[in-house]
Amino acid sequence: MEQLRFSTLDTAGVLLCLFAILVRFTVTSEQEGENLSGLSTNPDKDIFVVRENGTTCLMVEFAVRFTVPFDVLALNGIDLITENAYLALPRGADIEGKCGSQDAHIHISWNDNAYTLRIYFVKEIKEISGKGHVWRISKVQFVYDTSEKTHFLNPYNPGKHTASTHHLSALETPAGRSYVCEAKQTLTLISSDHQKGVTVAISDVQIQPFDINSDFMFSEAYKCITDQREQLEETLPLILGFILGLIIVITLSVYHFHLKLTAATQSQLPCDRSMYNNM
């Protein structure tokens, strides 16, 4: 009887330990998404944050526009015509996301889930480029419903479609840094609607899906090549102008010195030619 009582106590202890571990795991994996677009001074720019246990683990700031082709019936009632719907990511979108050590994602939905933008990130070792650990966007998906009448007028055979990238490797950035790019970048997604090409235009971007050290704060920025080139194009004329101005100043200084030297030499020469006859 005594042995049975100890066995029951041991079993209860094991169950309590397992329950405590399960509760701890559930708490540590708690993640939530926040839409902070109202803080942006740019009405076209959205700000989304994924937090884990009250700490920021993924941040996205960007302006996104979509060009979505869809079919409409021609006036003859037989032929199909392709038209384009133009959408922008709204400020009131709902978000959810997942943070991890090697992979992360963010899902942004609006209009009662008629539209959903999904972005997937991975972190990996890139020894060939000499950058060590890097992160990049590995996949982008856009789910849209052509039966949503705000942007799709008289669509033929309306319904939900998914447009996806294939073998994507975009925005490659050294680990521990955020990607920054003001220039517009476009991605072409292939749709399940007869392989149509959906264009996603992203601008004014700052993204960091891993290794965020401070809450709501991006780490050191890594500028895109386009921004670096534009900055060089803006700076180069100033540098060339400075060099040209310096050359002009030096030339004028040498010329002025030459004039003074010539005047001093001429002042030492006899002014009256008769003096040469007496020499």
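In table form, for the structure just shown:
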{"read-out": "Net charge of Cβ neighbours under 15 Å - reference Ile81; Lys, Arg +1; Asp, Glu -1", "value": "-3"}
{"read-out": "Charge context of Ser109, other residues only, Cβ under 13 angstrom, K/R +1, D/E -1", "value": "-4"}
{"read-out": "Isotropically averaged projected area of segment 59-124, using the convex hull of Cα atoms (one quarter of hull area), nm²", "value": "6.6 nm²"}
{"read-out": "For segment 110-177, alpha-carbon Rg over 2.2 N^0.38 Å", "value": "1.58"}
{"read-out": "Per principal axis, descending, Cα span of segment 27-156 in whole Å", "value": "59, 38, 30"}
{"read-out": "Lys196 long-range amide H proximity, modeled H, under 5 Å", "value": "Ser191"}
{"read-out": "FRET efficiency, 1/(1 + (r/R0)^6) with R0 25 Å, evaluated for Thr186 and Met217 via beta carbons", "value": "0.30"}
{"read-out": "Using distinct alpha-carbon pairs, which all enter the 1/r mean, Kirkwood radius of segment 162-224 in Å", "value": "13.3 Å"}
{"read-out": "Set of lysines with alpha-carbon distance to Lys126 below 25 Å, sequence-local pairs under 8 removed", "value": "Lys98, Lys139, Lys223"}
{"read-out": "Tail beyond 18 Å, pair distance distribution of segment 49-93 (Cα, percent)", "value": "58 percent"}
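Values in this text are rule-based calculations from the coordinates and carry no lab data. Because the structure is a prediction, the values reported are computed rather than measured. Positions of Cβ are generated from backbone atoms using ideal geometry, with glycine treated the same way; all protein chains shown enter the neighbour counts.
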